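Here the structure comes first, spelled out in structure tokens, and everything after it is commentary.
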Amino acid sequence: MMKILKKLFPILAVVPFIIGTAGFRMAGLNWADSCYNSVSLYVIQLNEDCSNIYIEIARWSAAIVATAAVLSILKQAGLYLLNLFLSILPGSAALYGNEEIVRQICDKEKYAFFGGSSPVNSRHHIILYDNDAENLSFYRDNKEKMKGGSVWLAVRDLDLSFLKADSINLHFFNPNALTARLLWDDPDLNKIIKSNRNAKIVLLGFDSLGEQILMQGFLHNVFYEDQSYEYHVFDDKVTDPFEKDRFISMNEDKIIFHDRDISGDDNFDPDIIICTKDMDFNLMEELWLRYPNALIYFYSESDLKLHDFMVDDRVRFFGEADRVYTLSNIITDKLYENGIVLNYNYDHNEAPMPDYKSLKADPAAYKNTRESWAGLNEFTKGSNIASADYLKIVGILSSEEPYKDMDPEERDWCFARLEHILWCRYHFINHWTYGRPEDGKNKDSVKRIHTCLTDFPNLTEENQRKDLDVILSGRRWGMTN
């Protein structure tokens with residue numbers, strides 16, 4: 001309702017003038033005097049000693065319009081002063097783009113403020129329009145105005161590995177990737193997948209969010225050498241072999257694409273169903289009734305809190321804006337900090353820092369690692385993040401069955417083989433394939449071929465040791481047990 005009134009305000013503001021002019025004309029004034037006196041009503045001044053119903057209506061409505069305008073000006077002035085104060089704080093962030101999402105972030109984050117349609121002074125700038133083209137255009141048109149701060153540009157559909165930052169201050173982030181990573185960290189999801197090595201996972205929808213959920217799950221759910229998870233993707237738009245062929249598992253896991261919806265498919269009993277489509281209560285009810293053993297997740301930017309009204313908790317929601325769009329997720333690298341530490345330790349293997357907190361406590365080391373991280377392309381950043389995330393998973397698995405009772409050396413080699421699966425999957429997802437470069441090196445980054453994209457037993461002993469070193473280094477760097 002307020003949005004409608006804001007749009008109509010310029011029109012409504014003219015109404016008192018029109019009514020007043022008509023009233024003064026009826027009172028016998030000429031056109032010029034009628035218009036003049038109608039304008040005077042906006043400053044609550046009645047110049048002529050005459051009155052009728054139209055003049056009274058105009059007098060009171062003009063006063064209301066004038067008061068509203070003054071309050072609006074005061075509000076904007078107060079907001080300007082507040083934003084000016086926030087802009088000088090170290091953690092401040094000006095947001096541009098989708099007004100609804102931006103307002104939600106600003107309401108929750110005390111250092112975030114709405115930047116409007118043109119860049120303002122701020123330590124950080126977050127560009128959050130509805131599509132990638134708008135975000136890139138806004139940055140291109142305004143990068144000179146934002147060069148004094150860090151720029152965080154949302155990219156949902158474009159492949160980050162194809163993008164290159166044109167300055168050390170430009171950073172890309174994918175809100176859908178943030179959503180997917182938070183989803184797969186859900187303890188209940190992990191419990192189901194770990195307890196059933198033949199778990200069946202259904203994904204309804206393969207839009208940009210669905211693709212990220214499949215990719216992140218494919219990288220996250222590498223727990224056992226004998227696992228055989230099935231990912232069933234239902235979407236009638238998935239017909240491109242180029243997209244399907246990216247998902248090579250390197251083990252018994254399978255990804256099965258169905259070019260239809262799930263309606264009427266009773267041939268299997270899924271353990272998990274994840275729906276990225278628009279909220280549909282009929283579909284929710286259908287899935288809940290048809291698949292009584294499945295844990296069901298629906299995407300929603302708002303926390304619907306339906307669990308208070310449902311007979312069980314099998315229906316969950318993910319993607320709440322309050323959890324995804326936070327400054328800690330976007331500008332402070334909360335979800336990426338282990339990848340940053342991993343990259344730093346690759347560069348300083350002889351004197352590793354144990355964790356992100358210790359790294360930040362050393363100003364020189366922190367500055368060095370931030371510069372090193374900013375200089376990486378998005379593919380290499382993603383590779384470090386994937387490896388660091390997996391070392392975190394290895395740390396958890398080490399204390400669980402069957403690993404906790406294993407001989408330490410046997411366990412390390414087991415994790416090395418699993419880490420190689422993860423490494424291969426990350427490369428395949430990003431359109432790499434097995435191949436031997438003509439120059440005799442291991443890889444060709446232009447052609448995206450690598451000699452190590454093969455089963456672990458086919459690797460040379462030296463390359464097998466590299467996978468083992470990742471696991472051992474994770475322990476040395478304090479990332480695993």
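All of the numbers you see were taken from the coordinates with simple rules; none came from a lab. Here the structure is a predicted model, which is why all the values come from computation and not from measurement. So basically every Cβ, Gly included, is an ideal-geometry build from the backbone, and we count neighbours across all protein chains shown.
Brief remarks follow.
- Set against the labelled values (1) 31.2; (2) 25.0; (3) 23.4, mean projected area of the Cα convex hull in nm² computed from this structure falls on (1).
- Amide H within-cut-off set for Ile256, under 5 Å, with H built and near neighbours excluded: Tyr231, His232, Val233
- Rounded to the nearest 10 degrees, the inclination of helix 132-146 to the longest alpha-carbon principal axis of the chain is 70 degrees.
- Nearest 10 degrees, 0 to 90: helix 208-220 Cα axis against the chain principal axis: 30
- Between the residues Thr460, Tyr426, Val394, the greatest Cα displacement towards the positive end of the dipole of segment 354-481, with unit charges on the Cβ of Lys, Arg, Asp and Glu, is found for Tyr426.
- Counted charge near Ala199, where neighbours are those whose Cβ lies closer than 15 Å (Asp, Glu -1; Lys, Arg +1): -3
- Gain in span if fully extended, Ser137 to Ser228, counting 0.36 nm per residue against the direct Cα distance: 28.4 nm
- Computed log10 I(q)/I(0) for segment 88-229 at 0.15 Å⁻¹: -0.82, from the Debye equation with unit scatterers placed on every C-alpha and solvent omitted.
- Taking segment 266-295 and a reference point 7 angstrom along Cα→Cβ of Val311, the backbone N atoms nearer than 11 Å belong to 289.
- Filtered trypsin sites (Lys or Arg not before Pro), segment 136-210: DSSP coil and at most 14 other beta carbons within 10 Å: Lys147, Lys164, Arg197
- The angle between the Cα long axis of helix 175-184 and the longest principal axis of the Cα atoms of the chain comes to about 50 degrees, rounded to the nearest 10.
- A straight chain from Lys404 to Met284 at 0.36 nm per residue would run longer than the Cα-Cα distance by 39.3 nm.
- Taking only Cα atoms of segment 336-476, radius of gyration then Dmax in Å: 16.1, 46
- Over 26 Å between alpha carbons, listed pairs Lys357/Lys441; Lys110/Lys164; Lys244/Lys441; Lys191/Lys404; Lys194/Lys404; Lys200/Lys277: Lys357/Lys441; Lys110/Lys164; Lys244/Lys441
- Percent antiparallel among DSSP beta bridges (both partners in the chain, rounded to 5): 5
- Straightening the chain between Val14 and Lys466 buys 155.3 nm, computed as 0.36 nm per residue apart minus the Cα-Cα spacing.
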